[in-house]
Structures are given as C-alpha cells and as structure tokens.
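Asks: Would you mind keeping the following structure in view while I ask a few things?
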Amino acid sequence: MTENKLQTWRFLHVLILISTLLGHVVCQDDDEDGASKFGNSSAANQLFSQYASDRFSNLSSTLKDDIKEKFSFCITDVDADWNDAFNFSKNPKFLAKCVRTNRDMMKRICTAAEIKFYFSRFHQSGGETKKSAFLKPNKNCNLTSWVSGCEPGWACSAGKNQKVNLRDASVMPYRVLNCSACCEGFFCPRGITCMIPCPLGAYCPLAKLNTSTGVCDPYNYQLPPGNPDHKCGGADTWADVMSSADVFCSGGSYCPSTIEKVPCSKGYYCRTGSTSQLTCFQFATCNPKSTNQNITAYGIMLFAGLGFLIVIIYNWSDQVIATREKKKELSREKAVQSVRETAQAREKWTSAKEIAKKHAIELHTSLSRTFSRKKSQKQPASQGKPGTDAGLSTSTSQQSKKKEKGNLTKILHEMEDNPESHEGFNINIGDKQSKKNPPKGKELHTQSQIYRYAYGQIEKEKALQEQHKHLTFSGVISLDNEVDSIIRKRLTIEVAFKDLTITLKGKNKHLMRCVTGKLSPGRVSAVMGPSGAGKTTFLSAVTGKAPGCTMTGSVQINGKEGSIQAYKKIIGFVPQDDIVHGNLTVAENLWFSAICRLAADLPKPEKVLVVERVIESLGLQAVRDSLVGTVEKRGISGGQKKRVNVGLEMVMEPSLLILDEPTSGLDSSSSQLLLRALRREALEGVNICMVVHQPSYTLYRMFDDLILLAKGGLTVYHGPVKKAEEYFAGLGINLPDRANPPDYYIDILEGIIKLNTDTGLTVKQLPVRWMLHNGYPVPMDMLNSMEGMSAQSGGSGHGDDSTHSTELTPNSFAGELWQDVKCSVEKKMDHVQHNILTSADLSQRKTPGVFTQYRYYLGRLGKQRLRDFRTQVVDYLILLLAGLCLGTLAEVSDETFGAMGYTYTVIGVSLLCKIAALRTFGLDKLHYRRERSSGMSSLAYFLAKDTTDHFNTIIKPLVYLSMFYFFNNPRSTITDNYFVLLCLVYCVTGISYIFSILFEQGQAQLWSVLLPVVLTLIATQGNDGDVVNFIGDFCYTKWALEAFVVSNAKMYSGVWLITRCGSLLQNGYDLKNFRPCLIYLVATGVLSRIVAFICMVTFKRR
C-alpha cells in the first residue's frame, strides 16, 4: 500500500511541474520579463528539456506502423532502434540550451508528418544518396513560398496561435514565422522549415562561415545569395555516412550528447558514431584517440593454440595407432587361443561321440540278445528291421561313420598317396606344447609332425573313451545335434552356362559366342587364351556384370535359372588391378574386409582365426603390420600387394571366387604360394575360376580344369587339365617335348605356330571341332567355314543365327550418329539399372547392418586420416595464410559493413574447402566400386566419409577466423562469424562431393574454382534485371554474404540507422534473414549430399 501511495505522489509531482512549465511557456509570448525569468531558471529548463525529450521519444509509437511497412528490412525492433537514436533522457543538455535561445522550441520541432516526409525520400530513392539529396515541394517550401527557414541550417516557428501536435502524422503545420538559425544539436534540412534532433552518436555544432571558401563549415552548404542578413545555422542533413560524414562523431572520440565531443583516453577505443568509450581487452593495445582496438595478440594466441594442437595430433597419431594395434594384438592372441581351445574341444567331443555311440550300440545289442533270443535266432542282430531300435542303431552307426569321418584321416591318406601334395595342415590345434614353441615356416607341414599329432590324438581318444564310458544313448544323440549346430558349412555354388553369347549393343559385334560348360565347386578352373579372346568378358558374364551388352543363352546357379547377383555376398571377385588401401596395413585391410563381409552372427574369435589363416596361407606374416603403400609412399612389394588383393576376397570365405589375372607380375615362387592357398580354399568346396597368362608347367598342373578361348570368345577346350593333351592329340595337335602346354596352345591360337597342313585343320575350325565333339549346336555360318565338311553334319539348331554375323547396311552420317547416341544412352541405362536394381538375397548369409558397417568405416577412415594428417596440416596452413592476407588487406568499411572483405572470404573459403573436399570421394572410387559390388553398404560408406569430414567442417572456420577476424576486427561477434563460416563450409563440402563423384580430378578442380567466383558475381549484381536477381536468390554465395553483412550491420545503431537501411536496401538484404540464410546453407549442404549419394550409387565414372 505504501508503494502505491509513493507512485501516486510522484505522478502528482510531475503533473504540478509540467503545469508550472506550461504556465511559463504560455506567459513567455505575452511578457518579455517572464521570458527572461524563464530563461534564467535552470531547473525549469532542465525539466522542460526532459519533457521535450520524452515527447519526441514517444513519436515512435506514432510512426511504428509506417516504419514497419517501409523499413522492416533494416529495423526489426522499432522501439529499441528509435530509443538508440533519439532517447535523450540521459543527457538532454542540448535541449535546455536550445530553450534558452529559442523560447518557442516546441513550435519549431518537426511533427510526425514532417519527419515521415523527410525519411520517405530514402525509401523512394532506393537507398541512393544522390537521388535523395532534395526534398519534394511542400506547403511551406515551394516555388511560390520560399522563406529563409527553407534554407539549410534554418528553421521557422508555427506561431502562438497555431496548435502543434508532434504526434500528428497526417497534416504538416504551416510554419513560416520567426525564421532563425537551427539550434545546436539539431539539423534543419533544406526544403522544410522545422528542426529534427540529431541522433545519438552524431555531433551537430553550429556552422561557421569560412571566409576563404564561402561555405558553412563543417557542413559545406552555402549562404543564399542576395540575403546579407542570412547567417550560417546548424546542421543541414542527416543521411548515410558517405553523404553526411560531418554529422557523425569522428573515430577516436565519443559524443555523450550531440553537442559534445570528447577524445578517447588510453586503454579505450572509440569507433565512428560512438556515444561512449569502450574498454580494450586485456591483451589488446589502445593508444589515446584509438579508433579500434588491436586484438592481433588474440589471433596469434588462437593460432598458436591450434598449431600446438595440430602438432600434438600429428606427432602422436602414429603413437595412438601403435598403442591401439598393441591392444588389438593382445585381443587377437586371446581370440586365437579361444578358437584353438574351441577346436580342441570339438575334436574331443567328436571322438567321445564316436566312442559313446559304439558303447551304446554294443550295450543295446547285448540287451537285445539277452531279452530276445528267439527273435535274434530268426533275425541276426546285425540286421535290424526298419523301425526297430537295432535297425536304427545300425543305420545311425553307419551314417555316423560316413558323416563323421575326420579331416585328419583324409589328410593322412592324401599324404601317403601323394607325398608331393601342396595342402598343408595346421598342427597347432590341440597341441599344448605348440603354444610354447610354435613351429615356423615349412615345419608346420612335415609328415613327422602330422603323424606325431595323429598318435597324440589316438592317446587322447583312449582317455576320452574311459571318460565317456557310461554315456547314455540319448546323451549321444543330443551331443551329435549340438556338435552339428557348431560346425559351419559353406553354401556351394555351381555355375552352368549354355550357349552363352554376348553382343555389344549398337555395334552388332560378338564379344563371346556359343560358350557352354560349367564351373564346379571344389575345383580350380583356369581361363586362358590369346589377347582379345574375351577372357575378362567371360568372367564378367559369369558374375552378371556385362552392362552395355546383350547377353543370350542361359546361366544356371545350382541347376536353377536366376541372377548371380543374388549370391554376391558369397562371391569374391579379385580385379586385375591391386585395389588395396595403401595407408592401411596388411592386417587392417584383411580385417576390415572380414568383419564387413563375414556373417554377423559369427563370433569375433572365429573371424580372427579366418584372417590369421589367410595371412599364413598367403605368406604375409612378415609384413602383416606394414603399410601397403601407394605410388607416392613406398610400402610392401608388388607380389605381396597382389597377394593382399587376393586375400581381401579369401577372408570373406566365398563360395565362388573369380580372379582376373592374379599371377600377373608375380614370380614363380609367389605364384605357387598363391595357388597353393587357392587350392586349400577349393578343398573346402569353393568354386574357383581365374584368368591366367602364360603359367609355368608347375602352375598349369595345379589347375583342375582348363577353359581355352580363341579370339572372338569361342571355346576351344573346356575340361580337365589332364585330358587336354589327349583331346588335342586326337585333333592331330601333338605337344612337342619340353614344351609348356598352355604356351604352345596359345601360340597356335595366336597364329605364331602354324598347324600341320596334312590334317586340313585350321585355327578357325578348332571352336567348331570342340562343339561337334561335345554335341553342342553349331551356328550355320561357323559350319560353312569348315572345309570338306557337309553343312548337314552336326544338326545345328542355330542355322538362323547367321544373321547375327551379317554386317549392318551402310547408313548416312545422321543415321550412324543416331546409332552411336542410341548405343551410348543404352549403355548408360544399363549401368544405372545394374547399379540400382537389386535381386533377392539367396546367399544365406546375413552380414552386418548399415549402422554396424558405418561404425567399421569410421574406424578405418579415422586411421587413414591420422596417417594422412600432413595433408590436413597443409590445408590448415593455406587457410591461415588466406585469413591473414584477406584480414589485413580487406579492411572493414563502415559504409558497406565489411561487405568487400566478406565477399573475398566467401570466395576464398569456398574455393579452398571445395578443393580439399575433392579428396574425400575422388581418391577412393575404385575401392568403393569393389566394396559395393561385394555387397557392402553404400550408405554406410557415404555417411562415414561425411562424418569424418565434419572434423574439418568444425576446425577450418576456426583456423580461418584466427587470422581474418583478429586482423580485420569487424563489429560483429566472432560467434556469428563462426556459425556463418560453419554453415558455408558444410554447404560447399556437399557441393564438392558431387563434383568429385561425377568428374575426373582435373575437371572437378576446375568446377570448384569457377563456381564460387561466378556465383558471387551473380549474387552481388543486384540491379542487372529480374532474371539475374532471380538466379542470385538461389546462390549459396548470396546467402553466406548476406548472413555476414547482416550480422555486422545489426551492430550499428543510432546515427548509423540511415546508413544501415540504405546499404541493406541497395543490396536487397534483410536483418531478419540471418537465421534463414544459415538454414538455406545447411539445407543446400544436405540436398547436395543427397544428390551426391544418388550419383555415387547410380553412375559409374572412371
């Protein structure tokens, strides 16, 4: 209640003072003595100036609607901006001074209508000061009425009989009486007869006549001619800083009111248009009359901090990777130990099961003889009827003997029958002593150790026999089910093809013709032939990868028609080129392929054992922790790299393994080592087919089947290697002594060795001979090429196929051009369909999901980025240099709010970040295609790449701003600048992804350089027509530049209000568009990433 009384008392006190003041104002026109008394009353002057200030400040409510309608792009909060410019309550001294010189001040101040009339010229002129230099004629100043108050720096009174309402925004009062010079602290524009207070941050003293120039300094307006009584008045205009710089409080000083200017002290700085001096930062230097603080020290500290962090990451990255590898080494050893123990337990359970089954059968037979003597006399115990226990036991025993025959017995028999066998045997399983003294090299495969291991197993079986002596029959059955559930089995794939013909679209050219045969599981097939025989085409056809071609005939998978792509998760394809990640070690390459392509439910120890087995079989133990290497950085040898290339497919335990020239570039010993490893895979039921060039005789004898192709993709021989010589001998082609069979046959097909003319056989007849030998249908045109052979022989069902070999009738140039375009489009469509369309998965293997593979990809990319951190450091140094140069050279201009420096920033950062981001996808195209064709997730690959680039997206703006911001020192906060750069880098990185995926490296770099320059030119040309403006509205450079300028412009207030509105109006910017611009940049980055991903999975570029 006390507070309410106090507020009421204050209100009554203010009313009494105002009424007293108004009484003085009324009396001043009638009594000069009262006027002089009023002029000498400092308290009344102070109270009146406060009252006048409040009345003028309240004009914002009257003009709010008009301001929102016309200036909403540069004034977001009308009350706040109006108070920043015209709230004189803190220091109304200039009003009191004006009252002492002009007792009718309230009759001279402009009303809302006159203020609206004055400021509307800026909106009508589009923000251009030259067009807004003159006011339109009005009721006070026109051709028939031009009083002295219409001159710049002068104003007139409305008279005592006319009531002036400052809030009247519609009617302009008639004001032509008592014209005199404008009060100090006000400005009186040319063309109206009233006074407007200068905004805060302005300095508006009375003008003085410069006798030498005849102008009124410092405002540079001239006195009207022919009027000697006219003198210099006050300020004449308030506009932007370019046209009315004399009104602005100069830099190095601050103006607490519009009639005071105070120099800045040491330790403070005063920018242009300041109302108070600002304290410098702790480490900044500010001399007296400083316009800005020197914060270069903070930039140097930030640069030093970032540099120190980069040095730490660079120097410790190898140590971090090494420590992680040591931990992995320990986990790998534990996993191998666990797998060995598991395998040992499996062997024990297998032996125990056999012994328990024998014991159960003997027990059951004994019981049957005791309780069923009569039945046993009629029917021997060894022949149980179907359905009886004895029959079940006998059949179970016989099946189990066949089913559970151990691999040990098989290997022993093979070693005895074939001492030169190339298969090895790992004796570490089940051997406790091997943990202490593991055998090395060839010692693992000696017969003495194998027999020693076998005898040890016999002793263990005896011990297990005693241990499981009392095992029941039901326990044996349950144990058998448990063991069968543990054992993993691979799905076998048999590929049969009949009359397989591949024709190039639009060219009517056969790449392969009438190829019939099959690839069987557990066998190693070699595809040989001269150059141009279609060996790689054959592999592509088998794997279902023949885009741009028409394929006829049938391909059956396990006896059923279907797409081979349905089994791609268990099909391994080794390309001719060694597509291996050079910045990863041998073990890391193999391990990544294993964890992404093996079954997701396979325990980690099992995966570790698979990788270790492949490393051992390929002879890569010595280089397992060595980097593979690249062209620039030397790594392992070429032969070892070739074996790693094969190992990437072996670790995923394929059912069908296709290899394109895996022995090219290898010496004889490396080739034998590789082929031995492949033969071990074939023992597990893997179907292996490989293209081989000029194998040695030793390698040739290690193959099971031979597919010999002639030029044009015609089959000359397809069968066992052992029967090849016999077949060709039947044709009269005898192998000379000491000749290598494959070399001799290929020389014949190449035409280097001529066939014996006595037989009448030619090279072109060899494919027909093979087809007739096997009873395959032969096209009629091929039969006609046979000399001395009737056309009816062979009973060909393809007699009509001769039309395929006829040449196209000559067409006109336009027709040929149309055929070429049509062929090119069909090839592109085939590529798109091959990349997009997927078949139902029949591989019976569930690999890790997208998010699991995403995690694996992140781990791999993290290692690669740490090892390539030197490249990242170079990128950061270039950004630092760019920030230093642009921050120093492009000084902040208050007239344009730093637009020039920000323009260079948008171009420079876009260009540098785009070129750096081209490496993300541009260098790994071949690796991606290989991984994608094997069934690995493209989405996980893309997301992992993008996530890894987010580190640069976050760090690079800081690196650039550490130089640019602290040398350029704009008024906007570093936080706003960072967020704009963050969104800009994210946007241009996504655009760079598209370039790197669609174009070659050189073309992508050219696009990355041209695009930001061209788009910036379009975005900054705001008055070149509607089309250019429309295109500019969709340029990311305009959004970034607008966000930079707006973030800086909103820090200018008070006297800068007109400058801010004029600059934003000319450029088409809006203060409210700061967040939308950032959203547009982020949305563009997201959209460009979506487009890049679609291009990545759709198009195939070299």
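Asks: How large is the accessible surface of residue 711 in square angstrom, using a 1.4 angstrom probe and rounding to the nearest 10?
Replies: Taking all protein chains as shown, residue 711 has close to 110 Å².
Asks: What is the local net charge at residue 617, summed over the other residues whose Cβ is closer than 9 Å to its Cβ (Lys, Arg +1; Asp, Glu -1)?
Replies: Surrounding charge for residue 617 is +1.
Asks: Going toward the positive end of the dipole of the range 598-683, with +1 on Lys and Arg Cβ and -1 on Asp and Glu Cβ, which of 635, 682, 654 do you reach last?
Replies: Going by the Cα projections, it comes out as 635.
Asks: For the range 992-1041, rounded, prolate or oblate, judged on the Cα gyration tensor with a ≥ b ≥ c (square roots of eigenvalues), a/c < 1.5 rounded, else prolate if a/b > b/c?
Replies: Numbers: a/c = 2.82, a/b = 2.66, b/c = 1.06.
Here the range 992-1041 falls in the prolate category.
Asks: Order 906, 311, most accessible first, counting only protein heavy atoms with a 1.4 angstrom probe.
Replies: On the way: 906 0, 311 75 Å².
Sorted descending by solvent-accessible area, the residues read 311, 906.
Asks: Another question, if that's okay. Whole Å is fine, so just give me how far the alpha carbon centre of the range 274-308 lies from that of the range 173-247.
Replies: One Cα centre to the other: 38 Å.
Asks: Starting from the Cα gyration tensor of the range 537-582, take the square roots of the eigenvalues, sort them a ≥ b ≥ c, and report rounded, prolate or oblate (rounded when a/c is under 1.5, otherwise prolate if a/b is larger than b/c, else oblate). Each step should come with its number before you reach the end.
Replies: Numbers: a/c = 2.99, a/b = 1.59, b/c = 1.89.
It is oblate, given that a/c is not under 1.5 and a/b is not larger than b/c.
Asks: Going by amide H atoms built from the backbone, whose H comes under 5 Å of the H on residue 659, apart from near neighbours?
Replies: When sequence neighbours closer than 5 places are left aside, the close amide H contacts are 574, 689, 690, 691.
Asks: Treating the beta-carbon of each Lys and Arg as +1 and of each Asp and Glu as -1, no other charges, what is the dipole magnitude of the range 570-680 about its Cα centre, to the nearest 20 debye? Walk me through the numbers on the way to the answer.
Replies: Details: 13 positive and 14 negative charges, 46 e Å.
For this selection, approximately 220 debye.
Asks: Before anything else, pin down the relative contact order of the range 168-263: Cα pairs under 8 Å, at least 6 apart, normalised by residue count, whole percent. Walk me through the intermediate numbers first.
Replies: Numbers: 163 pairs, mean separation 29.9, N = 96.
The normalised contact order for the range 168-263 reaches 31 percent.
Asks: Mind scanning 560/764; 560/754; 93/1050; 163/208; 348/641 and naming the pairs with a C-alpha gap bigger than 31 Å?
Replies: Numbers: 560/764 33 Å; 560/754 42 Å; 93/1050 28 Å; 163/208 33 Å; 348/641 39 Å.
Distance filter (> 31 Å) returns 560/764; 560/754; 163/208; 348/641.
Asks: Between residue 306 and residue 283, what FRET efficiency comes out of the Förster formula 1/(1 + (r/R0)^6) with R0 = 22 Å and r the beta carbon distance, rounded to 0.05? Provide the component values of the computation, followed by the final result.
Replies: Working: r = 17 Å, r/R0 = 0.78.
Efficiency for this residue pair is about 0.80.
Asks: Listed here are the pairs 90/231; 568/945; 509/711; 68/136; which of them are more than 21 Å apart at the Cα? Mind dumping the intermediate values first?
Replies: Numbers: 90/231 32 Å; 568/945 24 Å; 509/711 13 Å; 68/136 23 Å.
From the list (90/231; 568/945; 509/711; 68/136), the Cα-Cα distance tops 21 Å for 90/231; 568/945; 68/136.
Asks: Let me check I've understood the local charge: for residue 158, count other residues with C-beta under 9 angstrom from its C-beta, Lys and Arg +1, Asp and Glu -1. What total comes out?
Replies: On the way: positive: 107, 108, 160, 163, 175; negative: 104.
Charge balance in the 9 Å sphere: +4.
Asks: Just order 993-1005, 1045-1057, 182-194 by mean Cβ neighbour count inside 10 Å, highest at the front, would you? Numbers along the way, then the final one.
Replies: Details: 993-1005: 19.1, 1045-1057: 23.1, 182-194: 25.5.
Per-residue Cβ counts within 10 Å, averaged per peptide and sorted highest first, yield 182-194, 1045-1057, 993-1005.
Asks: Would you grab the residues whose amide H sits under 5 Å from the one on residue 717? Only those 5+ places off in sequence or on another chain, please, with H modelled 1.01 Å from N.
Replies: Under 5 Å from the amide H of residue 717 lie the amide H atoms of 708, each far enough along the sequence or on another chain.
Asks: Let me ask another. Convert each backbone phi in the range 886-896 into a coupling constant with the Karplus relation 6.51 cos²θ - 1.76 cosθ + 1.60 (shift: θ = phi - 60°), then list the ³J(HN,Hα) values in order as whole Hz, x for Gly and Pro.
Replies: Residue by residue, the range 886-896 yields 5, x, 7, 7, 8, 5, 5, 9, 5, 5, 10 Hz.
Asks: To continue, here is another question. Please list, by residue number, everything in the range 602-616 whose backbone N is under 13 Å from a paramagnetic label point 7 Å out along Cα→Cβ of residue 846.
Replies: Within reach of a label on residue 846, which here means backbone N under 13 Å from a point 7 Å along Cα→Cβ, the range 602-616 contributes 602.
Asks: Find how much the distance from residue 138 to residue 626 grows on full extension, using 0.36 nm per residue of separation minus their present alpha carbon separation; answer in nm with one decimal. Don't skip to the answer; put the middle values down first.
Replies: Details: separation 488, 0.36 × 488 = 175.68 nm, distance 8.85 nm.
Using 0.36 nm per residue and subtracting the Cα-Cα distance, I get 166.8 nm.
Asks: Tell me, what are the semi-axes, in whole angstrom and largest first, of the equivalent ellipsoid of the range 76-234 as set by the roots of 5 times the Cα gyration tensor eigenvalues?
Replies: Numbers: eigenvalues 101, 71, 70 Å².
The equivalent ellipsoid of the range 76-234 has semi-axes of 23, 19, 19 Å.
Asks: Could you tally the net charge around residue 278, taking each other residue with its Cβ under 14 Å from the Cβ of residue 278, Lys/Arg +1 and Asp/Glu -1? All intermediate terms of the calculation are to be shown ahead of the outcome.
Replies: Working: positive: 266, 271, 289, 971; negative: none.
Once all neighbours under 14 Å are counted, the net charge is +4.
Asks: Over the Cα atoms, compute the radius of gyration (one decimal) and Dmax (the largest Cα-Cα distance, rounded to a whole number) for the range 617-700, in Å.
Replies: Values for the range 617-700 (Cα only, Rg and Dmax): 13.0, 40 Å.
Asks: Then there's this: Rounded if a/c is under 1.5, else prolate if a/b beats b/c, else oblate: with a ≥ b ≥ c from the C-alpha gyration tensor eigenvalues square-rooted, which is the range 974-1098? Write down the numbers at each step before the final one.
Replies: Numbers: a/c = 2.68, a/b = 1.87, b/c = 1.43.
Prolate shape, in that a/c is at least 1.5 and a/b is the bigger ratio.
Asks: Need the full-extension length gain, residue 520 to residue 975, defined as separation in residues times 0.36 nm minus the C-alpha distance. One decimal, nm. Intermediate values should be presented prior to the final figure.
Replies: Numbers: separation 455, 0.36 × 455 = 163.80 nm, distance 6.66 nm.
Between residue 520 and residue 975, full extension yields an extra 157.1 nm.
Asks: Could you tell me the calculated FRET efficiency between residue 550 and residue 781, based on Cβ-Cβ distance and R0 = 25 angstrom, to the nearest 0.05? Mind dumping the intermediate values first?
Replies: Working: r = 18 Å, r/R0 = 0.72.
About 0.85, to the nearest 0.05.
The values are calculated or read from the model by the stated rules, or taken from the named source; none is laboratory data. For clarity, every value in this text was computed on a predicted model and none was experimentally measured. So basically every Cβ, Gly included, is an ideal-geometry build from the backbone, and we count neighbours across all protein chains shown. Side chains included, ligands, DNA and RNA excluded: accessible areas come from the protein's heavy atoms. Shrake-Rupley method; radii C 1.70, N 1.55, O 1.52, S 1.80 Å.
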